[in-house]
Amino acid sequence: MIKSLSEFEQATAQAKENPDGFWSKVASEFEWKSPWKKTLDYDFSKPEVKWFVGGKLNITESCLDRHLVTQPNKTAILFEPNDPTEAAQHITYKELHKRVCQTANMLKANDAKKGDRICIYMPMVPELAIAVLACARIGAIHSVVFAGFSATALAARINDASCSMLLTADGGFRGAKTIALKKIADEALASCSTVNCCLVLQRTQQEVQWNPIDKWWHEEIEKVGSDCPATEMDSEDPLFVLYTSGSTGKPKGMVHTCGGYMVYTAYTFKNVFQCQPNDVYWCTADIGWITGHSYIVYGPLANGATTVMFEGVPSYPAFDRFWEVCAKHKITHFYTAPTAIRALEKHPTSLVEKHDLSSLKVLGSVGEPINAEAWHWYDEHVGRHNCPIVDTWWQTETGGILISSLAGVTPQKPTFATLPMPGVQAVLLNNEGDEIEGEGEGILAIKHPWPSIARTIWGDHERYKNVYFSAYPGYYFPGDGALRDAEGNFRITGRVDDVVIVSGHNLGTAPIENAINEHPEVVESAVVGFPHDIKGNALCAYVIVRDMGVDSSTIEKEIREEVAKTIGPIAKPDQILVVSGLPKTRSGKIMRRILRKLAAGEHDQLGDISTLLNPEIVEEIKRQNS
Ligand code: WTA
């Protein structure tokens with residue numbers, strides 16, 4: 001573990017001078033079935049990246065088996081249920097190992113094999129983490145789909161990866177609501193021909209319909225034993241696929257591989273959070289997102305930490321649930337999203353103060369830029385000016401944290417993610433693609449591969465190349481803008497593409513537009529983000545309808561329903577404006593920049609609109625907006 005600023009500087013220098021030697025040393029701290037022959041092979045022009053070439057391993061041996069010897073009775077997963085009156089569960093490493101092996105055997109008994117894709121659509125219960133690890137145990141590729149997605153979105157993801165199995169639950173508890181997961185899964189499976197087995201966990205005990213391919217989890221698990229040797233995997237065999245939104249309608253299945261992902265998530269978890277043996281670490285994300293994969297499951301377990309899984313929401317039964325849970329389990333590390341902080345900040349600080357948060361040592365933030373107000377509220381009321389805050393910048397595509405301070409070790413700076421991790425060569429580019437030296441603002445790019453960079457988009461390597469490696473040849477292009485101060489600290493300024501981050505969820509505007517365009521009355525639409533107090537960004541949809549005389553409130557309602565149905569409730573636009581036209585360039589391209597300004601109410605900052613095909617429409621929208 002890096003313990004001082006000088007050790008950090010040393011690691012950074014070593015990783016830059018000799019990346020192979022640096023990562024080879026880090027990787028040797030894990031369990032390998034046989035060592036790698038070459039540390040790194042890469043060519044960004046193809047693009048191709050291979051780490052720990054020829055190495056053989058199974059990630060679950062580093063996450064589970066090796067801790068059986070040293071700390072079998074330490075809590076691996078601490079489960080806090082949605083309902084605070086339901087008992088929390090402390091699952092030890094020994095027990096977790098056993099349950100993962102047994103679940104792996106259940107998958108095998110139902111014909112799952114190495115390389116198969118298994119879709120997981122489950123609530124935040126221990127069985128979700130166990131299912132993920134069970135897939136890894138047998139070399140099946142997991143594809144976790146966030147349980148807030150709709151049937152259409154679930155089906156699209158299952159079909160994209162041709163999953164052969166679906167793991168789900170009867171339902172899920174989420175605050176005061178229960179979500180009928182099985183029902184949504186049934187709807188999805190109606191259009192998925194590759195799935196031939198659906199294992200259903202009982203969580204809510206609600207009634208479900210039963211289909212020929214369905215099997216109860218609790219019945220199947222009874223039939224198998226708990227001895228399951230770990231399948232040997234190549235470093236570069238896929239570990240999982242996880243979908244993220246992009247600028248086009250189709251979600252991108254980012255593929256992560258076994259060796260590099262293990263090494264990098266474990267290394268960053270250890271150094272960013274600085275967890276000590278008796279600490280209790282809580283990341284409030286859902287395992288349906290990359291944050292949950294890397295920093296609830298793999299990173300913490302590879303380090304033998306105690307990781308908390310929380311089933312509920314911050315507002316249930318009241319807006320102090322996070323703080324209540326922190327006090328109850330004596331949480332030392334608390335890692336959440338700015339959108340959650342902003343939502344909680346709106347409530348009286350007495351809700352925080354009434355709980356004993358003295359166990360807290362480190363706070364973290366992830367998912368979007370954290371604004372100054374939220375940062376200071378977090379620091380003052382939650383951290384009591386006593387906890388370093390790590391603002392961690394990274395992506396589904398990067399697998400692990402690329403830019404962040406190390407808690408208590410490297411300097412923090414409010415609203416800045418600060419410095420790149422050792423081995424991460426972050427640069428700023430101008431529009432021409434030239435590197436900016438020193439202080440400045442530009443496009444963030446990464447020069448050299450790190451071990452957990454996604455290797456491809458499932459089934460579409462060409463798209464992978466186009467999206468991430470073509471705009472600025474020789475660099476990985478994340479799609480974010482950033483500025484850098486004189487000390488080299490980075491502040492991420494936001495997306496530079498058509499992805500909007502709403503409440504920490506990445507939403508491509510294209511799929512939402514596609515959904516809206518499904519409405520029979522809609523001719524064309526454009527969706528943009530605009531600043532929102534709590535969500536960070538909200539969505540505004542500009543919609544052209546066939547008949548301007550129609551009742552717009554009905555259309556608005558139907559549009560919201562359509563979006564909820566095809567993508568999920570998170571993608572519903574906050575604002576829908578029925579307009580008679582959209583500002584376009586002479587080549588017919590929608591000028592989203594102008595729509596963004598209009599949605600933000602920045603009517604006087606539109607710039608030159610005289611080159612538009614239809615400048616008059618801008619005036620019309622302005623009038624409508626005011
Ligand atoms: C944004 C989440 C500023 C960024 C781990 C990135 C951030 C996208 C931060 C990836 C941060 C994430 N500061 N922006 N600390 N963390 N982002 O794939 O725009 O869900 O490209 O991964 O979130 O979101 P994703």
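Within the P(r) computed for the stretch 370-521, what percentage of the Cα pairs occupies the region above 23 Å?
For the stretch 370-521, the share of Cα pairs beyond 23 Å comes to 44 percent.
Would you please give the residues with an amide H less than 5 Å from that of Thr306, counting only those at least 5 places away or on a separate chain, with H modeled from the backbone geometry?
Tyr281
Give the relative contact order (percent, whole number) for the stretch 389-514; include only Cα pairs under 8 Å separated by 6+ residues.
20
List every residue whose amide H lies under 5 Å from the amide H of Gly494, counting only residues 5 or more places away in sequence or on a different chain, with H placed 1.01 Å from N in the peptide plane.
Gly481
Each residue of the stretch 241-248 in order: what ³J(HN,Hα) in whole Hz does its phi give by Karplus 6.51 cos²θ - 1.76 cosθ + 1.60, θ = phi - 60°, with x for Gly and Pro?
Here the 3J(HN,Hα) series is 10, 9, 8, 9, 7, x, 7, 10 Hz.
So how strong a dipole does the stretch 168-245 carry about its Cα centre when Lys and Arg Cβ are +1 and Asp and Glu Cβ are -1, to the nearest 20 debye?
Approximately 580 debye in magnitude.
Return the unpartnered cysteines for the chain, using a Cβ-Cβ cut-off of under 4.7 Å.
Flagged as lacking a Cys partner: Cys63, Cys135, Cys192, Cys197, Cys198, Cys258, Cys275, Cys283, Cys326, Cys387, Cys540.
With an 8 Å cut-off on Cα pairs and a minimum separation of 6 or more residues, tell me the relative contact order of the chain in percent.
Result for the chain is 12 percent.
What does the charge count around Leu107 come to, taking other residues whose C-beta lies under 10 Å from its C-beta (Lys +1, Arg +1, Asp -1, Glu -1)?
Net charge in that neighbourhood comes out at 0.
Quick check on the stretch 1-63: take the gyration tensor over C-alpha atoms, sort the square-rooted eigenvalues as a ≥ b ≥ c, and tell me if it's rounded (a/c under 1.5), prolate or oblate.
oblate
Please report how far the C-alpha centroid of the stretch 186-247 lies from that of the stretch 559-599, rounded to the nearest whole angstrom.
Here the two parts' Cα centres lie 36 Å apart.
Hey, can you rank 80-88, 382-390 by average C-beta count inside 10 Å, highest first?
Listed from highest to lowest mean packing, they are 382-390, 80-88.
With an 8 Å cut-off on Cα pairs and a minimum separation of 6 or more residues, tell me the relative contact order of the stretch 479-522 in percent.
24
Shape verdict for the stretch 174-268, please, from the Cα gyration tensor: rounded (a/c under 1.5), prolate (a/b greater than b/c) or oblate.
oblate
Please say if the chain is rounded, prolate or oblate, where rounded means a/c under 1.5 for a ≥ b ≥ c the square roots of the C-alpha gyration tensor eigenvalues, and otherwise the choice is prolate for a/b larger than b/c and oblate otherwise?
Since a/c stays below 1.5, the shape of the chain is classed as rounded.
Please sort 9-21, 111-123, 480-492 by packing, taking for each peptide the average over its residues of neighbouring beta carbons within 10 angstrom, highest first.
Going by the mean number of other Cβ atoms within 10 Å, highest first, we get 111-123, 480-492, 9-21.
Which Rg and Dmax, in Å, describe the Cα atoms of the stretch 518-605?
13.2, 37
Sticking to Cα atoms, compute the Rg of the stretch 47-91 to one decimal and its Dmax as the biggest Cα-Cα distance, whole number, in Å.
For the stretch 47-91, the Cα radius of gyration and maximum Cα-Cα distance read 17.3, 51 Å.
Please give the peptides 32-39, 146-153 ranked by average Cβ packing (other Cβ atoms within 10 Å per residue), highest first, as a rough proxy for protection.
146-153, 32-39
Suppose every Lys and Arg Cβ carries +1 and every Asp and Glu Cβ carries -1, with no other charges. What dipole size does the chain come out with about its Cα centre, to the nearest 20 debye?
980
For the stretch 57-70, what does the Karplus curve 6.51 cos²θ - 1.76 cosθ + 1.60, with θ = phi - 60°, yield as ³J(HN,Hα) per residue in whole Hz, taken in order and with x for Gly and Pro?
For the stretch 57-70, the Karplus curve yields 6, 9, 4, 5, 5, 7, 7, 10, 3, 5, 7, 5, 7, 8 Hz.
Any chance you could count the Lys pairs in the stretch 1-101 whose alpha carbons are under 22 Å apart, treating pairs 8 or more apart or on different chains as valid?
Taking the Cα cut-off of 22 Å, the pair count is 23.
Using 7 Å Cα-to-Cβ label points, what is the Trp210/Lys346 separation (nm, one decimal)?
Computed distance between label sites Trp210 and Lys346 equals 4.4 nm.
Work out the count of Lys pairs in the stretch 503-625 where the Cα-Cα distance is under 28 Å, with the pair 8 or more places apart or on different chains.
Count of close lysine pairs: 21.
Could you work out the mean projected area of the convex hull around the alpha carbons of the stretch 237-337, in square nanometres to one decimal?
7.8
Read-outs: derived from the displayed coordinates by stated rules, not from any lab. Quick caveat, the model's predicted, so the values are computed rather than measured. Using ideal geometry, Cβ is built from the backbone for each residue, glycine included, and neighbour counts are taken over all protein chains shown.
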